[in-house]
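Working notes, structure below.
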Amino acid sequence: MSNTSELRGSPQPRRTGGIAVVVSGWPRLSETFALNELLALRKAGMLAAVFATKTGDSAWVQPHSDELAVQILADGDAERQGAEVAQRLFDIHVMAVHGYFAHQPAAVAQVAARHLRVPFGFSVHAVDARKVTARVLASRARSASTVVACNPDVAVALNDVGCPPTLLPHGVDVDRFCVADPPDGPVLQLLAVGRLVEKKGFEVLVQAMAQLTGVHLKVVGDGPLRAALQAQAEALALGDRVQFVGRKTHDELPAQYAAADMVIVPSVVDRTGDRDGLPNVVLEGMACARPIVGSDVAAISTAVVDGITGVLVPPGDVAALSEAIRLLTRNRSLRHALGAAGRRRAESQFDLDQCGLRFCNELERAYA
């Protein structure tokens with residue numbers, strides 16, 4: 001594709017209108033945070049257009065996804081996709097182009113903004129910061145009007161290259177994920193939610209289950225490790241005590257939390273160095289007043305305060321994980337106290353509307 005100036009003439013600088021956002025694959029069932037922040041921009045009247053660098057999980061969509069007319073770009077490198085974005089935006093007044101991840105979306109946003117002669121910026125979430133070299137990340141950040149990091153763990157990558165970001169955590173819908181009485185039956189119900197990939201640490205959780213009695217584990221999610229995890233559970237003779245139920249839509253998740261006594265988040269750093277930022281399941285579980293047993297890795301400790309809203313254990317430590325679960329199975333009042341404190345923290349620190357407002361305010365400040 002030729003560049004925009006060759007196709008339509010040289011655009012003049014424009015600083016009015018909305019913000020165009022470039023995401024990665026769309027839609028993605030696991031990227032609730034992206035949908036929430038795009039909807040916040042739309043509600044604020046700040047969203048000009050949304051582009052995706054590739055298709056996502058079209059068979060699985062989240063509530064309100066259809067409210068966003070996301071345009072899928074043709075395959076190509078950042079220069080080609082950026083020129084396509086600029087071409088599509090030429091007759092639309094935009095004040096900036098924002099990449100929602102640090103790798104291809106940020107590169108595409110930078111190219112498009114250059115063609116349109118408007119500012120650009122980008123958000124950073126987790127592994128996207130490690131999909132580009134430190135040199136590229138630093139250069140891109142220095143050229144940006146704003147760089148937003150959603151958690152302190154990923155902010156380290158930007159601090160390390162001398163470009164401290166604006167730290168804005170994602171929020172959780174505390175109305176959708178609301179408090180329900182826990183089941184408190186004779187067999188306690190554990191819930192784990194996430195893609196079945198190495199960084200989620202489900203292999204460690206299955207091993208921990210072999211050391212526990214009187215608990216049942218439900219794993220919500222799918223992924224490449226499903227067969228291996230099921231085989232591991234069978235080899236450990238866990239029978240129907242570990243249940244893999246596959247994916248659930250966002251509408252179905254609140255009922256899963258309501259049916260659980262506690263939520264387990266056994267995340268680890270995988271062999272490639274990939275790790276979670278702050279997984280959705282942490283905030284959702286807290287909003288539902290469920291105690292969290294989680295790994296002290298990445299940014300989980302920014303939400304889960306050990307001994308206050310949950311219990312933190314070293315990542316990959318089977319014995320510590322099983323002991324933390326055992327502690328909570330024996331102490332009903334502690335489970336309820338941790339869950340109630342988690343709900344209060346979700347409301348005060350991670351309310352979706354407030355987090356969305358802070359995100360909108362930062363982009364408005366940076367691109368005004």
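The values are calculated or read from the model by the stated rules, or taken from the named source; none is laboratory data. Just so you know, these numbers come straight off a predicted model, no measurement behind them. Because the Cβ atoms are built from the backbone with ideal geometry, glycine has one as well, and the counts that use them run over all protein chains shown. Please note that ligands, DNA and RNA were not included when accessible areas were found on the heavy atoms of the full protein model with its side chains. Shrake-Rupley method; radii C 1.70, N 1.55, O 1.52, S 1.80 Å.
Can you give the net charge of the other residues whose Cβ lies under 15 Å from the Cβ of Lys131, counting K and R as +1 and D and E as -1?
Net charge in that neighbourhood comes out at +2.
Give a quick list of chymotrypsin sites (Phe, Trp or Tyr not before Pro) in the stretch 46-114 that DSSP marks as loop, anything other than H, G, I, E or B, with at most 11 other Cβ atoms within 10 Å.
Here no chymotrypsin sites (Phe, Trp or Tyr not before Pro) fit, given the DSSP loop and packing criteria.
Would you give the gap between the C-alpha center of the stretch 147-195 and the C-alpha center of the stretch 308-330, rounded to a whole Å?
A separation of 18 Å, based on Cα centres.
Output wanted: per-residue J couplings in Hz (rounded whole) for the stretch 41-57, from phi through Karplus 6.51 cos²θ - 1.76 cosθ + 1.60, θ = phi - 60°, x for Gly and Pro.
Couplings: 4, 5, 4, 7, x, 10, 9, 8, 5, 10, 10, 10, 6, 6, 6, x, 9 Hz.
If I stretch the segment between Arg80 and Ile308 completely, what's the gain in nm (0.36 nm per residue apart, minus their alpha carbon distance), one decimal?
Contour length minus the Cα-Cα distance gives 77.1 nm.
For Gln243, list long-range residues whose amide hydrogen, built 1.01 Å from N in the peptide plane, is under 5 Å from its own amide hydrogen.
Amide H neighbours of Gln243, under 5 Å, 5+ apart: Leu217, Lys218, Val219.
Quick check: net charge around Arg335, other residues with Cβ under 10 Å of its Cβ, Lys/Arg +1 and Asp/Glu -1?
Cβ neighbours under 10 Å give a net charge of +1.
Which trypsin sites (Lys or Arg not before Pro) does the stretch 217-325 hold that lie in a coil by DSSP with at most 12 other beta carbons within 10 Å?
Those satisfying the criteria are Arg271.
Within a Cβ distance under 9 Å of Phe51, other residues only, what is the Lys/Arg minus Asp/Glu net charge? List each step's numbers first, then the result.
Numbers: positive: Arg88; negative: Glu84.
Spelling it out: positives minus negatives among the neighbours equals 0.
For Glu37, Glu203, give me the order by solvent-accessible area with a 1.4 Å probe, most accessible first, ignoring ligands, DNA and RNA.
Greatest to least solvent exposure: Glu203, Glu37.
Along Cα→Cβ, 7 Å out, is where each label goes; now give me the distance between the ones at Val179 and Lys131 in nm to one decimal.
Going by the 7 Å Cα→Cβ label model, 3.9 nm.
Shape verdict for the stretch 174-282, please, from the Cα gyration tensor: rounded (a/c under 1.5), prolate (a/b greater than b/c) or oblate.
oblate
Roll a 1.4 Å probe over the protein chains and send me the accessible area per residue for the chain in Å².
41 Å²
Using a ≥ b ≥ c from the Cα gyration tensor of the stretch 304-368 (square roots of the eigenvalues), is it rounded, prolate or oblate, where a/c under 1.5 gives rounded and otherwise the larger of a/b and b/c decides, a/b for prolate?
Oblate is the answer for the stretch 304-368, as a/c is 1.5 or above yet b/c matches or exceeds a/b.
Ignoring any ligand, DNA or RNA, what whole percent of the accessible area of the chain comes from carbon and sulfur when the probe is 1.4 angstrom? Walk me through the intermediate numbers first.
Working: 7510 of 15130 Å².
Of the solvent-accessible surface of the chain, carbon and sulfur hold 50 percent.
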